[in-house]
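The values are calculated or read from the model by the stated rules, or taken from the named source; none is laboratory data. Keep in mind that what you see is a predicted model, and the values were worked out from it rather than measured. Reconstructed Cβ throughout: ideal geometry from the backbone, glycine too, with neighbour counts over all protein chains shown.
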Amino acid sequence: MTSTALLFPGQGAQRPGMLQHLPDSAESEDTLAEAADVLHRPVGPADVGAEPLDGVRAMTRDTVAIQRALLIAGTAVARTLVGRGYEPDYVAGHSAGAYAAAVVAGVLEFSDALRLISVRARLMSEMFPPVSGFGMLAVVGASERLVTELTEQIRLEGLAVYPSTVNAPDQITVSGSTAGLDRSTELAVEHGARRTTRLEVPVPAHSPLLASVGVALAHELDALDESGRLHRPKCPWMGNIGGRALRDPRQIADDLARGVALPVRWHDATTALYERGVRLFLEVSPGSALTRLAAAAFPDARAQSFDENGLASVMALVHRL
């Protein structure tokens, strides 16, 4: 029988209105209602009047709104699939998506995950507000080794920039100051990179610049552990730090906390899934970036996104396995 992995995208995948177009299901309604209760504000279709949680301005620069919306959307879609009989063999979340993956695996209660990701995003945005001049840059067509060497050179020049995600062997992102990112573009192109793209992420995620956020998250997760609110996962949860399958809730908590300041080893994680027999990668909302990465890395596997295929098509595929 084909093994499947459910993939949860992170910051950068968000889009305006993403909570207005969730599946028409009881699971979506319940998730939105629970989120509204935790956040003390309307969420989703009822979110009218003031700036919606998933409004254009919020989804462009508001780190707190973005990470909350990603968690809500990912959880709602996954719960809808599970409610129709789908049970993933593995879950994997990219960056902020790791929190929704932890909810679906049963490691975190949704309410706890929403509070945690709110703390995470608030601390990130307080350290690096949109006007601070920091962010992330994707470098395509350069190896991890080359990008690492270039960022080391740039730091010797006095500019802050670090490798931050390894999405594919030739797709690496870096995080740092605007000047550091501009210099990264210059050097990467000089050394043969095909292109560079600034991401819709206004903070230097997954870099040592956010080490203090990781410490704060560790304290929050320790408190959950002490109160018995960290649970053993129902299926393996793929870590961001080491790119390996984890079943110990304390190891998962450690990955969630420290991962904010360490690179995301996404290609390692999906490679480990493929080596474990996963031949169907399903990506929840929003977007299809993780689907494209999986399709390129593993041509003989299938990769589908919920947004591109819809509920009926995804469930038909799952039931044919």
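Figures for the structure shown
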item	result
Odd one out for Val131, checked against (1) out of contact with any Phe, Trp or Tyr (no Cβ under 6 Å at 6 or more places or on another chain); (2) under 26 Å from Ala296 (Cβ atoms)	(2)
Residue count for the range 110-158, restricted to those that are within 29 Å of Leu224 (Cβ to Cβ) and among the small types (Gly, Ala, Ser)	5
Test for Arg265: is it in contact with a strand residue (DSSP E or B) (Cβ under 7 Å, 6 or more places away or on another chain), under 30 Å from Gly106 (Cβ atoms) and among the charged types (D, E, K, R)	yes
Test set (1) small (Gly, Ala, Ser); (2) farther than 22 Å from Thr75 by Cβ; (3) crowded, with 21+ Cβ neighbours inside 10 Å - Gly259 fails condition number	(2)
Exclusive hit being crowded, with 22+ Cβ neighbours inside 10 Å, within 25 Å of Val147 (Cα to Cα) and assigned by TED's automatic domain parsing to the domain that holds Ser118, set Gly214, Gly243, Gly176, Gly239	Gly239
Helices (runs of 4 or more DSSP H) completely within the range 46-120 that count 2 or more residues being among the polar types (S, T, N, Q)	63-83
Only listed residue being within 17 Å of Arg115 (Cα to Cα) and in contact (Cβ under 8 Å) with a residue 60 or more places away in the chain, chosen from Ala69, Ala78, Ala73, Ala36	Ala73
Every pair of residues 6+ apart whose Cβ atoms lie under 7 Å, when the first sits in the range 113-131 and is of a type outside the set (A, V, I, L, M) while the second is surrounded by fewer than 21 Cβ atoms within 10 Å (Cβ to Cβ)	Arg115/Val38; Ser118/Val64; Arg122/Val64; Ser125/Val64; Pro130/Arg61
Test: residue in the range 35-44 that is in contact with a Leu (Cβ under 8 Å, 6 or more places away or on another chain), crowded, with 24+ Cβ neighbours inside 10 Å and at positive phi	yes
Of all residues in the range 48-104 being over 12 Å from the mean Cα position of the chain (by Cα) and at positive phi, the one that is modelled with the lowest pLDDT	Gly49
Condition broken by Leu116, with the remaining ones in (1) buried (at least 24 other Cβ atoms within 10 Å of the Cβ); (2) within 22 Å of Gly243 (Cα to Cα) satisfied	(1)
Criterion: in a loop (DSSP other than H, G, I, E, B), at negative phi, free of Cβ contacts under 8 Å to residues at least 60 places away in the same chain and of a type outside the set (Gly, Ala, Ser) - qualifying residue of Leu159, Leu187	Leu159
